[in-house]
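Contents: one structure, followed by commentary.
The values are calculated or read from the model by the stated rules, or taken from the named source; none is laboratory data. Keep in mind that this is a model prediction, so the values were computed, not measured. Quick reminder, even Gly has a Cβ in these numbers, built from the backbone with ideal geometry, and neighbours come from all protein chains shown. We work out accessible area using only protein heavy atoms, side chains counted, and drop any ligands, DNA or RNA first. Shrake-Rupley method; radii C 1.70, N 1.55, O 1.52, S 1.80 Å.
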Amino acid sequence: MEKKKIVFNIAVIIAAAMAAFALNVQYAACKVTDTTMGFFEMVKYFVMDDGKIVWLVLLILFCILFHKTYWNWQIKNSKMAVFVGFIFTVCIWLGYHYSVYRTVLHVFTSKKMLIINIVMFLGYWILFTAVVDRIYRFLEEKGDCLVKEISPGLKKFFDSSKGKKLVPALILLGWSPYLVVFFPGSTPYDSMYQINMFFGAERLSNHHPILDTFLLGGCVKLGRMISGDALGIFLYVVFQVILLLIVLQFFFKVIEEMGMNGIFRLSCLLFFSVFPLWGAYIQSNIKDVIYITGLLAWILMVFLILKREDCSTKMWVSLLVLSILVCLLRNNGIYAVLPTLVGLVFVVSKQFRIKAGLVLAGVLSVYLLEHKALIPALGIDTDSTQESFSIPFQQTARYVREYGEEVTDREKEVINGVLSYDKIVKDYDPDLSSNVKWSFHGGKEETKEYLKVWRQMLFKHPEVYIDSFFDSSYGYFYPEVALKSRGMFYFDIRSENKYVLDYNYSFPKQIRQILKDYTTLSVEMTGIGVLYNSAVYTWMTVLIAGFLLRIKQKKYVILTIPSLINFLVCLASPVNGSIRYSLPSIIVMPFLIALTFYLAGKRTEDMRLEYNLKNISDEKGGKMK
C-alpha cells in the first residue's frame, strides 16, 4: 500500500508539472522562437526564469487537484471525462497555435518543439480530464442545487400570476434603450439586400430565406402604404419583439415545470434583459432574431415531448409546425431539425414513434416541396456557390499567397475564371472570407474546372488547406482569443443605389454613439465579456452532452444536437468567432443548463431515495433477527 502511494504521488507531481508547464507556456508569454536553444534550456526558461513563480503556484494547485481526483480513480467510470478532456485539449492546442502562429507547422520544425508540444498536449489532457471529472462528480452529488429552493421570496414572485406577467415586461424594459435610441430600427446590408429582392431591384434569390424576405419586404410595403419606410421597419421590429417575448415566456414556464429555483430563474431574467447582446440585435431587422426565436420554441417543444408521457396531438402538431418554420426561416435550419427528429424517432416512447416518424416525414416533404418544386416554379435563384464555396475559396487564396510561384498558367487561368486571381492574395484575410468570395464571377462549367484545380492543389500542399480551415474558424472552439468579430452588431441603415430606404433614426448620432460604444465595450468587459465568447458556448454544449451520456440520459442528448450542428455550420461561416453566427447556441444555453441540473437533480433524488429504502430494509432485517 505504501509503495502504491509513493508511485501515485510521484505520478501526480509529474502530471501536475506537465499541466503547469502547458499553462505557463501559453499564458506567461513564454514563446520560444530560438530553435537553437537546447531542450533543457527551454525547460529552464519556462519553469525557472521568467515563469517560475506562476509555474510553482500552478504546480501546487494541480498537485492538490490531481491527488483528489485520481486517487482510486477508475477509467471505466470516467470514460466520458477522458473523452471530453481530450476534445478540450485539441481545441486549446489548435487554437493556441493558430491564434499565435497562424499555423501548426512550426511544431514540426525541430525535435525540441515537438517534444514541448507533446508535453503541453498531455499536460492539458490530464488537467482537463481532472476538471471535467470533478464537475461531473459535483453534478452527480449536488445536482439538485438549482432545484432546491434557497430563496422562497423569488420563487413566490416567479410562480405568481403577477410575476409571470412582469417577466416579459422586465425583459422589454432591458431592451428599451436600444429600441428607443435606434428607433425605428437598424437595417444592415443583408436586410437591405432582402428588401431590394422583394421590390424587384435585385433578382429574387434563396440566398436569404424567402419567408423572411417576404415578411420584411411586406412590412416595409405596408408601412409605405400607411405612412412611410420608417413605419414598415418598425412594424418588423415590433413583430420580432413580440414573438421573442412570447417564446421567452414559454421558456420560463418550462423551467418552472422543471423545478428550477428562483435564483436560476432570476439569472435567466438578467441574461435575457440586461445582457447587451439581446437589445443590440432586437432593434435590428437582421434575419437571425426570428430564426433563433423559432429555434428556442422548437427545442422546448421537443423537450416537453420527451418529458411527458401523455403527449397530446396538439403538441405533435405544434412540433411539426415549429420544425417547418425553423427550416423555412434559415437555409441551414434543416441541418439542426433533421438529425434531431431522426433521434427523436428512436428515443421517444414506443407508442409515439409513429407520430414522431410522421413529423419527420412531414418536415422532409415540405422542405423538398419548397426546394424542388415551389422555388424553381417561381423562378427564384438557388445558386449558392459563393456561400457554399467559402472554405475552398479561402484555401485557394492562401495557397496562391504561399506558393504562388508554383501555380501553373493553366491553374491560374482556371482560378481566374471564378475568382479575381490578382486580387485574392491582397484580399485574403483568415478571419473574414467575404473579401475573397465576393470576387466570385464564374458559371457552372468554370466552377467544375476550378474544383479539379482545387483538388490538384490539395495533393500538392495539403497543409495549406488544413491551415486555412482552422485559421479561419478557431474562434469558435478556442476561448482564449480576442477577435473583433465577436462584437458583430448592426447599428446603421445601409442604403443601396438600386433601392434606397427613406428613413432616419429619431435620436441624434451623438446619443446613438454612446450606446453603441457601451455595447462594443461590453465585449471586452471582465465577466460579461465571457458571454460574448462563441467558444464558451461550444465547450458548454460538449460538457453538457458528455454529462448526459455519462448519467445514461441518452434520449435527452438529442437536445444538444442543434447546438453541435450550429458549431459545424460556424466552422464554415465567413467570419471567425462571430457572435452573430453563434446566436442559436447562445439562446438555447440557459435551457441546456436547466436541463442538466434538472436531470442531475432527479438522479440525486433517486439515489437518495434508493439509499433510504436500503437503510429501512436493513433496519427491518435487523429487527427480525
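A Cβ-based charge dipole, computed about the Cα centre of the stretch 449-599 with Lys and Arg at +1 and Asp and Glu at -1, lands at about 460 debye.
In terms of packing, defined here as the mean over residues of other Cβ atoms within 10 angstrom, the peptides 194-203, 464-473, 409-418 line up highest first as 464-473, 194-203, 409-418.
At full extension, L368 and K350 could sit 3.7 nm farther apart than now, given 0.36 nm per residue minus the alpha carbon distance. Ordering of 263-276, 156-169 by packing is 263-276, 156-169, highest average first (other Cβ atoms within 10 Å, averaged per residue).
Over the stretch 173-255, all Cα pairs binned in 10 Å intervals from 0 give whole-percent P(r) values of 17, 41, 30, 11, 1, listed from short to long.
The share of alpha-carbon pairs in the stretch 430-472 lying farther apart than 11 Å comes to 71%. For the stretch 384-452, the C-alpha radius of gyration divided by 2.2 N^0.38 Å, with N the number of residues, is 0.99. Per residue, the stretch 513-594 exposes 34 Å² of accessible surface when a 1.4 Å probe is rolled over the protein heavy atoms with every protein chain present.
Between the amide H of S284 and those of S186, distances stay under 5 Å, these residues lying 5 or more places away or on another chain, with hydrogens modeled in the peptide plane. Here the simple spin-label model places points 7 Å from the Cα toward Cβ, and for Q513 and K156 these points are separated by 5.0 nm. Under the shape rule built on the C-alpha gyration tensor, where the axes satisfy a ≥ b ≥ c, the stretch 42-199 is oblate, since a/c reaches at least 1.5 while a/b does not exceed b/c. So if I take the centroid of the Cα atoms in the stretch 78-96 and the same for the stretch 176-212, what is the distance between those two points in Å? Each part reduced to its Cα centre gives a spacing of 40 Å. Taking 1.306 mPa s as the viscosity and 10 °C as the temperature, the Stokes-Einstein diffusion coefficient of the chain based on its alpha-carbon Kirkwood radius rounds to 58 µm²/s. Take the Cα radius of gyration of the stretch 245-372 and divide it by 2.2 N^0.38 Å, N being the number of residues; the result is 1.15. Using a 1.4 Å probe over the heavy atoms of the protein chains, calculate the carbon and sulfur portion of the accessible area of the stretch 303-443 as a whole percent. In the stretch 303-443, the share of accessible area belonging to carbon and sulfur is 58 percent.
Between R580 and M488, the built amide H atoms are under 5 Å apart, and every one of these is 5 or more places off in sequence or on another chain. Spacing of the modelled spin labels on K307 and K165, each 7 Å from Cα toward Cβ, amounts to 2.5 nm.
Between the amide H of S205 and those of D381, distances stay under 5 Å, these residues lying 5 or more places away or on another chain, with hydrogens modeled in the peptide plane.
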